[in-house]
Each structure stands twice: as C-alpha cells, then as structure tokens.
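The block underneath contains the structure these notes are about, expressed in structure tokens.
The values are calculated or read from the model by the stated rules, or taken from the named source; none is laboratory data. Just so it is clear, the model here is predicted, and its values are computed rather than measured. Neighbour counts run over all protein chains shown; Cβ positions are idealised from the backbone, glycine included.
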Amino acid sequence: MSVGIVSALLSFGSPVGNVVGPIAEKQKVPHINFFASDMRVADGVYNFVNYTPPYNDAKLFVKEAQKRGIKNIILFEVQDNPGAAAITQALEKEIKGTDIKIVANKKFNTGTRDFRTLVSETKNIPADAYVLQASSPELEILYKQMREMDIKTPVTSIETFEFSSELSLFEGSWYISAADPREWFVNEYTKTYNDSPKFGAANGYDSLNIIVNAIEKVGDGKTVPTREQIREAIQNTKSFDGALGENLKFDTDGVLASDAVVRIVKDGKSVTISR
C-alpha cells in the first residue's frame, strides 16, 4: 500500500484495521477505523477507532440478561475473527462476580457448515440462552441446525444479528447492538437513498467529518496540513456534533466510545427497545 501522498486513512472492520493500523503507525498517517470491535486497532498514536467498544456491549448485555433472569448461557463463537474474539473476552470479564455463567463455549472457524456435533455436545446442558457469535451464513446455518435438533432454548447475540441475511429467523429475540444514529441522520439518509442506514453508516459519516474538521481546523486553506497536525487535531476533537450524538470525542486510547443499545427482532426488523 502506497501512502506517499495520503493525508489520512479510513478503514472498516477489525480484520482490515489490524492490517492497516501498523502501516499507518509506521508511516505516521492518521487513521480512523469506524467498525472495529477489536480495540487493538487503535494501538499507537496515529490510529483511532470510532465504534461502540466491546466493554460497552458486554456491560449492557449483563444488565439486560440479569433483568431477564438469564444466568446460564451457552456460547457459540467464531474463533478466527478478531472482533468476535474481543467481544467474547469483554463478556467473560464483565460476568465475573455476577450470577451469570458461560456453561459451555463452542468454537468454530469461518466456513463451517455442519454444527451438529457441536450442538449435540450442548443438548443436555441446562441453559437459559444461547449466545450466537457468528457471521452470515454460519449464523443462519447454526440456528437452523439447532432447531432441527429440537433445541428450543432462546437465542441472543452481541451485534451479530445485525449481519443476518435472514433476520426473520430470530423473530422475538433480543440482542445487543452498537449505538443508534440520531433521527436527523436516519431521515436524511433515507431521503437520499430511499433506504434505511446500513449498520455502521453513521460511524463512517462521523469519521469522515472528523477528519475534514481536523484538516480545516489546522489548515490555512492554501496548503494541506501535515499529518502530525491532522493527527493532533483528531486526538483533540471535543464536542463534535455528529450522527451518533453530541459532545463526541476520542479518549486517551484513541477510541470514540459510543453507547450500546438493546434491540429486538420484531416483524422481521430490528427495533431498539432500550439503551
């Protein structure tokens, strides 16, 4: 990747961020990732993450699970995705000292199509909920095979239902998701594209505008500011009014930590029920 004339970078997701981050740090190019659950993407002084962090997801998951009387959970986790791993680690940390326990943790790799053996190993383990940390199509295949094997235990997830190609499968299920965009952003996006905003769209919108604002703040309108000037302006972002809220800013670790929300699948659509 050539970064000779690049003033700043945007990237999407943990896998991409983990590749771009070290390069951006070495080349001293300001870099914002707007969809990484793996907070290591923000390592270094030139890397930033604008996304709901796993510790906020996990904290709200525990709160909602306790509210619903959920104590024993069975976790199915894709193990070759750094974002999913970060969420699981945050959940394991957050449940310590609570009455919630992970009574079984079944790991698999992307590309798995037969979950029957793993599912059978959990069939006789009492649980209040299955937590499905899988991407599509593994998510849908896993769920269908569970139901085919007569497992009727409720299912939930942290974010993964957002990526389902068959969301109606999870009708009535609650789950934790990243921050909601503000109403004005939803309205403007829908008006422009005749569709509701995709997951992470508001994060991308804000990240681009944060970079633009940083350049405008330190530039003179004639020459492009240095990368160091842009990086410093991004780090010092305060009271940014964006699609995800007001008074947004990066913490000392380079993370813009938006809040998680609780959603439920209703009539085949995702609906926020609490924050």
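I'm checking my understanding of the structure. Among residues of segment 63-81 that are of a type outside the set (S, T, N, Q) and surrounded by 19 or more Cβ atoms within 10 Å (Cβ to Cβ), which one is farthest from the chain's Cα centre (by Cα)? Quick ask: steps written out before the conclusion?
First, the residues of segment 63-81 that are of a type outside the set (S, T, N, Q): 63-65, 67-71, 73-78, 80.
Keeping just the survivors that are surrounded by 19 or more Cβ atoms within 10 Å (Cβ to Cβ) gives 65, 70, 73-78.
Details: 65: 19, 70: 23, 73: 21, 74: 21, 75: 18, 76: 17, 77: 15, 78: 15 Å.
The selected residue is 70.
For segment 50-76, what are the residues that are part of a loop (DSSP other than H, G, I, E, B) and under 21 Å from residue 249 (Cβ atoms)? Step through it out loud before you land on a result.
To start, the set of residues in segment 50-76 that are part of a loop (DSSP other than H, G, I, E, B) comprises 51-53, 68-71.
Residues satisfying the conditions are 51, 52, 53.
With respect to residue 189, determine if the residue is in a helix (DSSP H, G or I), more than 19 Å from the chain's Cα centre (by Cα) and closer than 26 Å to residue 17 by Cα. Can you show your working first?
Details: in a helix (DSSP H, G or I): yes; more than 19 Å from the chain's Cα centre (by Cα): yes; closer than 26 Å to residue 17 by Cα: yes.
Taking the combined requirement at face value, the residue satisfies it.
Please verify whether segment 98-117 includes one or more residues that are at pLDDT 95 or above, buried (at least 16 other Cβ atoms within 10 Å of the Cβ), in contact with a Lys or Arg (Cβ under 9 Å, 6 or more places away or on another chain) and assigned to a strand (DSSP E or B).
No, every residue in segment 98-117 fails to be at pLDDT 95 or above, buried (at least 16 other Cβ atoms within 10 Å of the Cβ), in contact with a Lys or Arg (Cβ under 9 Å, 6 or more places away or on another chain) and assigned to a strand (DSSP E or B).
Filter segment 192-225 for residues that are part of a helix (DSSP H, G or I), surrounded by fewer than 12 Cβ atoms within 10 Å (Cβ to Cβ) and either touching a Leu at 6+ places or on another chain (Cβ under 7 Å) or of a type in the set (Val, Ile, Thr) (or both) and give the result.
192, 212
Specify the residue that is farthest from residue 21 (Cα to Cα); the eligible residues are those in segment 236-275 that are loosely packed, with under 13 Cβ neighbours inside 10 Å and of a type in the set (Gly, Ala, Ser).
If we take residues in segment 236-275 being loosely packed, with under 13 Cβ neighbours inside 10 Å and of a type in the set (Gly, Ala, Ser), then 268 is farthest from residue 21 (Cα to Cα).
Do we find a residue being part of a loop (DSSP other than H, G, I, E, B) and buried (at least 23 other Cβ atoms within 10 Å of the Cβ) anywhere in segment 17-30?
First, the residues of segment 17-30 that are part of a loop (DSSP other than H, G, I, E, B): 28-30.
Right, trim to buried (at least 23 other Cβ atoms within 10 Å of the Cβ) and you get 30.
There is at least one residue in segment 17-30 that is part of a loop (DSSP other than H, G, I, E, B) and buried (at least 23 other Cβ atoms within 10 Å of the Cβ).
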